[in-house]
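Beneath this line is the structure, given in structure tokens, with notes to follow.
Please treat every number below as a calculation from the coordinates, not as lab data. As the structure is a computational prediction, the values presented were derived from the model and not from experiment. All Cβ positions, even for glycine, are placed from backbone atoms using ideal geometry, and neighbour counts span all protein chains on display.
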Amino acid sequence: MRDLSPAEMKVFGQIEGLFRDICLKWGYQEVRTPTIESLHLFTSTGTLTPGMLGKVYSFLDWDGWSGERVVLRPDGTIPVARFYIDSMADKGLAKLFYITNTFIFEETGKENREKWQSGAELIGVKSVTADVELVILALEVLQSLGIEGVELRLSHAGIIRALLTRLGLSAEEQATLFDQILEGNTRALARLKPGDGGQKEALTLLLERKEKSTRFLREVKALSPELERPLNNLIKAAELLEALGYDYLIDIASGRGFEYYTGVIFQLSVGNKKIGGGGRYDALIPLMGGKDVPASGFALYLNQLMKLLKPKTELKTSGRKILIRAKADLPEILTEGFKLAKSLHGAGYSAEIQLGDEAPADLRWTIEIQDKAPRFRLTDRAKKKHFSAPSSAEIQQLLDKESE
Amino acid sequence: MSIKIALPKGRLLAETARRLQLADLGLAGYYPKTRLYRLTSERYPDLFAKIFHEKDIPIQVAVGNYDLGICGLDWVEELLAKYPSSALVKISNLGYGEGGLYMMTSRAGGAPTLKDAPAKMNTIRIASEYPNLAEAFALSNRLRRFSVFPLWGGAEVYPPENAEMALVSRRKGEPLSNDLVPLSELMGFSAFLIANQASWEEKDLSEITSAIERAVLPPLEEETPAVASTGTPVPYPVGDTVRLAIPDGHQQPPTRQLLDKAGIQVDDYPSASGNRRPTTSLGGVSIKVIRPQDMPLQVANGNFDLAITGRDWLREHRYQFPSSPAVELLDLKSGRVKIVAVVSQDLPVNDSRDLRQLSNGGESGLRVASEYVNIADKYARDNHLGRYRVVPTWGASEAFLPEDADLLIENTETGQTLARHKLKIIDNLFESTACLIGRKDSARSKKGEKIKAIREILRDAVEEDK
């Protein structure tokens with residue numbers, strides 16, 4: 001777990017603000033779910049891999065005598081899906097977004113165990129258009145933040161699954177292998193015996209290829225009739241993005257980390273750092289006990305994004321910031337000071353009372369309040385000029401005039 | 001350079017003692033039924049040994065209190081299942097004390113097979129002395145919804161009424177109980193020599209470790225244990241059968257006495273054959289024998305209606321779960337002990353205020369050892385002990401002071417054992433006696449009348465004493 005300093009929070013707030021603005025413009029609504037959820041929410045879906053579940057922060061709550069554990073939210077999407085089932089299931093379509101922290105143990109201590117992400121979920125629509133909207137939304141946020149060199153990788157969970165069914169494995173072995181592939185262990189395939197009709201080789205080859213166009217996917221279609229639908233799906237999404245002028249890389253092995261994806265998966269990275277990803281997860285809501293509602297979504301990883309952004313440079317002396325200094329520790333002087341601060345805030349200034357000895361360096365104006373006449377003294381530190389006035393109203397007028 | 005080794009009590013003691021004797025480490029005083037906890041070597045002046053409950057050994061070695069330890073691999077894996085980055089090195093398999101861990105289910109219960117378990121929406125209850133391995137098992141087998149009952153013992157008696165599965169250990173050659181069928185074998189185990197990671201890298205332990213490794217003997221001719229029968233599972237208690245839990249271990253004689261006085265006939269208790277399901281003359285009551293430590297949790301979650309346990313264990317439970325429905329229904333007034341805070345006689349500490357100063361002065365924080373983790377934690381909080389950590393122990397807690405803990409929260413009858421270990425009592429927490437516990441709302445349940453009647457019978461028996 002790690003602190004976010006004022007400087008980091010400035011960047012964080014910038015990302016958060018932009019993300020919220022853009023989601024709202026696209027018609028998404030914000031939700032916030034609790035930090036503590038029931039562990040069974042995450043186990044019952046069979047959607048987090050056992051490897052991931054072994055790293056959640058689970059514990060017995062103060063009323064946990066039943067032996068069932070609770071967990072610090074390890075994932076952003078499942079709680080939103082739970083919220084949808086609990087509170088919005090009758091609405092049909094829901095476009096939701098969130099900004100939240102997630103908790104996953106990380107052994108080396110080098111990575112943060114509390115991670116922040118901002119994500120959007122589009123629930124109730126089953127179309128490639130919905131998937132593409134999410135990709136574009138994510139890219140719009142990144143573009144608005146000025147992040148350069150973003151790489152978009154596309155995959156499809158259905159392709160991996162279809163090929164696995166052709167390997168002649170039991171359902172259990174398939175699930176294990178799928179987990180391993182999703183956990184990034186493509187070498188797991190190499191341990192398999194060669195299957196009939198070169199399925200294993202085809203899958204290995206497919207997992208290793210990274211292509212800038214969909215052309216090679218058409219060649220793969222012949223391998224298996226079950227591949228036709230997922231391939232067509234992926235091709236359609238890719239072509240739509242291409243028509244809109246977005247570059248992408250088809251990389252079937254990129255869909256790692258979560259098991260709940262059923263359709264198009266996309267991953268966003270800069271250099272070798274993953275900064276976001278998402279995909280279609282049509283089976284999740286029914287698995288959690290909801291109706292048969294399709295959904296897709298994505299998340300951006302704020303800890304990674306923050307490293308790519310610098311705080312916006314600010315003017316050294318801000319014209320709108322005022323420091324109020326009480327020259328005597330008297331009740332009437334302090335009362336004047338707080339009243340003046342409030343009045344300046346109302347007029348659109350930033351005004352703070354000086355506490356302690358050091359004055360902030362980036363201030364242009366100070367107003368001193370004295371216990372003798374003239375009561376108020378305004379200093380323009382940029383122009384090195386002084387003004388005096390007997391009342392707070394008059395000093396504010398002077399400030400308005402001088403700071404124009 | 002001193003070398004510290006943690007040696008096991010219990011199942012591995014006899015064989016380990018034989019090996020150490022052959023290895024000629026000069027650790028006299030390590031033999032079955034020894035009353036010593038601390039051993040020094042005549043041969044290696046720098047070697048120091050302490051005897052622990054086996055389950056404590058991997059923890060003591062991982063935290064660096066001991067350089068070496070000998071214990072079953074099952075307890076090592078139990079620690080690693082939850083804390084994979086523990087600073088432990090498995091040095092060698094000593095090849096004795098072999099056994100296996102099995103996930104069992106009852107023949108009688110129509111319990112789920114592993115294949116259909118994940119598909120069931122109902123919560124699967126797993127009882128075990130190995131809660132971490134049980135949880136890892138549930139996760140890797142993708143049980144959709146499960147709860148784990150961490151137990152002090154007697155897991156095999158829980159299925160089918162009180163748990164769908166039990167993770168139990170069996171020694172090699174020991175037949176699986178005839179009521180239980182294994183769903184899966186989790187692991188085989190045997191005695192292992194383990195080391196602390198840092199000690200292994202920085203200290204020269206080779207003389208000791210190779211002496212132990214070389215000391216190979218033909219295994220002891222052990223009697224093949226009889227088929228362990230935990231008794232015949234009664235048909236799943238339905239309707240208004242009152243489920244009563246009575247204690248195993250040293251609480252058995254006083255409980256037997258009480259039951260006799262109350263005129264409650266219970267056959268085969270205490271049981272020589274390990275039967276945990278004695279029959280009773282009380283109509284509409286089914287009885288199981290389990291650990292008193294495990295009872296409050298089992299009453300809280302509705303597995304039992306009544307239980308005879310100690311107030312200490314009820315408090316321990318209620319401090320962990322303040323809103324638990326398990327409450328005391330009747331003071332049975334036997335087995336009186338005091339729960340006390342204890343330090344070494346060498347410490348300049350005479351009360352909780354001194355303790356606070358000690359805790360605030362130290363850099364690494366106060367180490368509080370106890371079998372009562374939650375009572376110890378609350379005591380530390382209530383007394384503002386600043387930085388502290390609670391070291392859970394599984395018995396022989398008084399041996400932890402002064403090397404491996406600074407403060408001990410322990411029960412005592414007369415204080416004599418504590419004095420013999422050069423310990424002194426600095427605070428009295430509360431007095432504990434045996435008590436009958438049940439659920440807060442039990443009077444209103446449909447078993448209410450029967451529960452009340454049993455309580456009356458026991459109360460009369462207790463009053464008779466006066």
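Using only Cα atoms, find the angle between the long axis of helix B:448-464 and the longest principal axis of chain B, and express it within 0 to 90 degrees, rounded to the nearest 10.
It works out to around 70 degrees.
Considering the convex hull of the alpha carbon atoms of the range B:1-154, report its projected area averaged over all viewing directions, in nm², one decimal.
Spelled out: convex hull of the Cα atoms, projected over all directions, averaged, 10.9 nm².
Running Debye on the range A:1-147 with equal point scatterers at the Cα sites and no solvent, what base-10 log of I(q)/I(0) appears at q = 0.12, 0.16, 0.19 Å⁻¹?
-0.60, -1.03, -1.30
Treating the angle as unsigned and between 0 and 90°, give the value, to the nearest 10°, between the Cα long axis of helix A:199-208 and the longest Cα principal axis of chain A.
That works out to roughly 20 degrees.
What is the helix-to-structure angle for A:6-25, meaning the angle in degrees between its Cα long axis and the longest Cα principal axis of chain A, kept from 0 to 90 and rounded to the nearest 10?
Its long axis makes an angle of about 60 degrees.
Over 39 Å apart: what share of the alpha carbon pairs of chain A falls there, rounded to a whole percent?
Tail of P(r) above 39 Å: 36 percent of Cα pairs.
Rounded to the nearest angstrom and ordered from largest down, what semi-axes does the equivalent ellipsoid of the range B:141-201 get from its C-alpha gyration tensor (root of 5λ)?
29, 17, 12
For the protein assembly as shown, what is the charge dipole size about the Cα centre, in debye to the nearest 20, if Lys and Arg each add +1 at the Cβ and Asp and Glu each add -1 at the Cβ?
Roughly 1440 debye for the protein assembly as shown.
For the range A:318-402, give the magnitude of the charge dipole about the Cα centre (Cβ charges: +1 Lys/Arg, -1 Asp/Glu; no others), in debye to the nearest 20.
In debye, rounded to 20, the range A:318-402 gives about 340.
Quick check on the range A:318-402: of the DSSP beta bridges with both residues there, what percent are antiparallel, nearest 5%?
Beta bridges within the range A:318-402, antiparallel portion: roughly 50 percent.
Regarding chain B, what is the average projected area of its C-alpha convex hull, in nm²?
23.1 nm²
Taking the Cα centre of the range B:99-187 as origin, sum charge times position over the Cβ atoms of Lys and Arg (+1) and Asp and Glu (-1), and report the length of that vector in debye to the nearest 20.
It works out to roughly 260 debye.
Looking at the square roots a ≥ b ≥ c of the eigenvalues of the Cα gyration tensor of the range A:100-173, which shape do they give, rounded for a/c under 1.5, prolate if a/b is larger than b/c, or oblate?
It is oblate, given that a/c is not under 1.5 and a/b is not larger than b/c.
Which shape class applies to the range B:337-430: rounded if a/c is under 1.5, otherwise prolate when a/b exceeds b/c and oblate if not, where a ≥ b ≥ c are the square roots of the Cα gyration tensor eigenvalues?
rounded
Answer with one residue from B:Gln265, B:Ala14, B:Val349: the one whose Cα lies farthest towards the positive end of the charge dipole of chain B, charges on Cβ with Lys, Arg +1 and Asp, Glu -1.
Of B:Gln265, B:Ala14, B:Val349, it is B:Gln265.
For the protein assembly as shown, what number results from the quotient of the Cα radius of gyration and 2.2 N^0.38 Å?
Taking the Cα Rg and dividing by 2.2 N^0.38 Å, one obtains 1.18.
What are the GluC sites (Glu not before Pro) within the range B:352-422 that DSSP puts in a loop, where the Cβ has at most 16 other Cβ atoms within 10 Å?
Passing both the DSSP loop test and the Cβ count: B:Glu363, B:Glu403, B:Glu413.
Report, for the range B:99-187, the % of DSSP beta bridges that are antiparallel, rounded to 5.
Close to 60 percent.
Would you mind estimating how fast the range A:318-402 diffuses translationally, via Stokes-Einstein at 10 °C and 1.306 mPa s with the Kirkwood radius over Cα pairs, in µm²/s?
Estimated diffusion coefficient is 126 µm²/s.
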